[in-house]
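Undergrad: My questions will all concern the structure given below.
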Amino acid sequence: MFSRKKFILGSLFIASSLRKLKSEPNQGNPLMEKPNHPLKDTEVLKAKISSSGELVPRVGLGTYQTFDVGKDPVRQKELAVLLDYFYSQGGRMIDSSPMYGSSEEVVGDISSVTALNEKLFFATKVWISGKEAGEKQMRSSLSKMKRKHLELMQIHNLVDWKNHLTTLKDWKEKGIIRYIGITHYTTSAFPDLEKIIRSEKIDFLQIPYSIAETTGEDKLIPAAFDRGVSVIANEPFARGRLFASVKGKELPGFAKEIGINNWAEYFLKFILASEQIQFVIPATSKLSHLKDNMSAGTGNLPSLAERKKMKEYL
């Protein structure tokens, strides 16, 4: 018989494990894919979307500024090569927005040319006031991205979020979108984001997070973990400031010892080592930079002690 004593001891063990998981990255979060063997350098890291269990590669691709090239055939061809490489290395999630100029349309164009459109995980946003205006903008996004259905629609910077959330719930029920997300680019909005994910059924949260910006760790990211909300980290290089801060500096020896080969890997693997953050979306239009970014999404990750050392070094 299952005794009261065993029940109490079991409950204490579970509570202790959850506390440890919330404070220690890379310690066995069931949302992270866990092979039963040491990862090879080329094995792609994946995470489960909390609300569905769907496995998606953890390193995605942002399009802010980098994909805003309009109909320029030369630039589109360059981005098509970039997208093809992204997919070949296991990349799936591509994030865009109506506020990113022509990026949505460019994503639609080049993903169609490369025959990758239906194979990718598309995320975009609604960024306008008014229920009808929001629906019109979202349908425009679908058209530009050459889709009838979309994986993720996010409410950008919480603009008119209550109106849009009603629409997104309806669209999700109808199968037009699979997931609902909310985003914001400022840490001052984190308390509002936390209130929403605690009171509403949200699938994704997208916020700025990097080795230089860890404010989300205080309350928001743990709240997302508690509520089963998957986290997408944007601005992983702190808008380029991180590369500027290490310009001319050699990668530290301890980083090389744990399989980190360049600064992009250093910054991205720091994020990926947090098991409360499932995905990261560095933006680039340069193939050489993409290669560095994608390499961060393979192989093993820093331990808690190594992650702490990485931050202290900077």
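The values are calculated or read from the model by the stated rules, or taken from the named source; none is laboratory data. The shown structure was predicted, so the numbers you read here are calculated from the model rather than taken from an experiment. Note that we place each Cβ from the backbone using ideal geometry, even for glycine, and neighbour counts take in every protein chain shown. Just the protein is used for accessible areas: all its heavy atoms, side chains included, with ligands, DNA and RNA removed. Shrake-Rupley method; radii C 1.70, N 1.55, O 1.52, S 1.80 Å.
Undergrad: Could you check region 56-92 and list, in sequence order, the residues that are of a type in the set (A, V, I, L, M) and under 13 Å from the mean Cα position of the chain (by Cα)?
TA: Val56, Val59, Leu61
Undergrad: Follow-up. Considering only region 240-314, give the helices (runs of 4 or more DSSP H) lying wholly within it that have at least 1 residues that are open to solvent by less than 40 Å² (accessible area, probe 1.4 Å), more than 25 Å from Arg75 (Cα to Cα) and of a type in the set (Asp, Glu).
TA: 263-272
Undergrad: For region 143-163, what are the residues that are touching a His at 6+ places or on another chain (Cβ under 9 Å) and either open to solvent by less than 20 Å² (accessible area, probe 1.4 Å) or under 23 Å from Leu61 (Cβ atoms) (or both)?
TA: If the condition is that a residue be touching a His at 6+ places or on another chain (Cβ under 9 Å) and either open to solvent by less than 20 Å² (accessible area, probe 1.4 Å) or under 23 Å from Leu61 (Cβ atoms) (or both), then Met153, Ile155, His156, Asn157 are the ones that fit.
Undergrad: Another question about this same structure. Considering only region 179-223, how many residues are outside any loop (DSSP other than H, G, I, E, B) and within 13 Å of the chain's Cα centre (by Cα)?
TA: Count: 10.
Undergrad: Kindly check whether there is at least one residue in region 231-239 that is among the charged types (D, E, K, R), part of a helix (DSSP H, G or I) and in contact with a helix residue (DSSP H, G or I) (Cβ under 8 Å, 6 or more places away or on another chain).
TA: No: region 231-239 contains no residue that is among the charged types (D, E, K, R), part of a helix (DSSP H, G or I) and in contact with a helix residue (DSSP H, G or I) (Cβ under 8 Å, 6 or more places away or on another chain).
Undergrad: Of all residues in region 212-231, how many are out of contact with any Asp or Glu (no Cβ under 8 Å at 6 or more places or on another chain) and open to solvent by 10 Å² or more (accessible area, probe 1.4 Å)?
TA: 10
Undergrad: Separate question: Name the one entry in Phe279, Phe237 that is among the aromatic types (Phe, Trp, Tyr), out of contact with any strand residue (DSSP E or B) (no Cβ under 6 Å at 6 or more places or on another chain) and at pLDDT 95 or above.
TA: Sole residue among the options that is among the aromatic types (Phe, Trp, Tyr), out of contact with any strand residue (DSSP E or B) (no Cβ under 6 Å at 6 or more places or on another chain) and at pLDDT 95 or above: Phe237.
Undergrad: For region 109-116, check the following and say yes or no: at least one residue is assigned to a loop (DSSP other than H, G, I, E, B), open to solvent by 30 Å² or more (accessible area, probe 1.4 Å) and touching a Gly at 6+ places or on another chain (Cβ under 9 Å).
TA: The answer is no, given that none of the residues of region 109-116 is assigned to a loop (DSSP other than H, G, I, E, B), open to solvent by 30 Å² or more (accessible area, probe 1.4 Å) and touching a Gly at 6+ places or on another chain (Cβ under 9 Å).
Undergrad: Against the definition (more than 19 Å from the chain's Cα centre (by Cα) and not β-branched (Val, Ile, Thr)), how does Ser245 come out, yes or no?
TA: Here the answer is yes, as Ser245 does meet what is asked.
Undergrad: Could we say that Lys131 is under 30 Å from Tyr85 (Cβ atoms), out of contact with any Gly (no Cβ under 9 Å at 6 or more places or on another chain), open to solvent by 50 Å² or more (accessible area, probe 1.4 Å) and in contact (Cβ under 8 Å) with a residue 12 or more places away in the chain here?
TA: No, not satisfied.
Undergrad: Scan (1) basic (Lys, Arg); (2) closer than 20 Å to Tyr185 by Cβ; (3) part of a loop (DSSP other than H, G, I, E, B) for the single condition Arg147 breaks and write down its number.
TA: (2)
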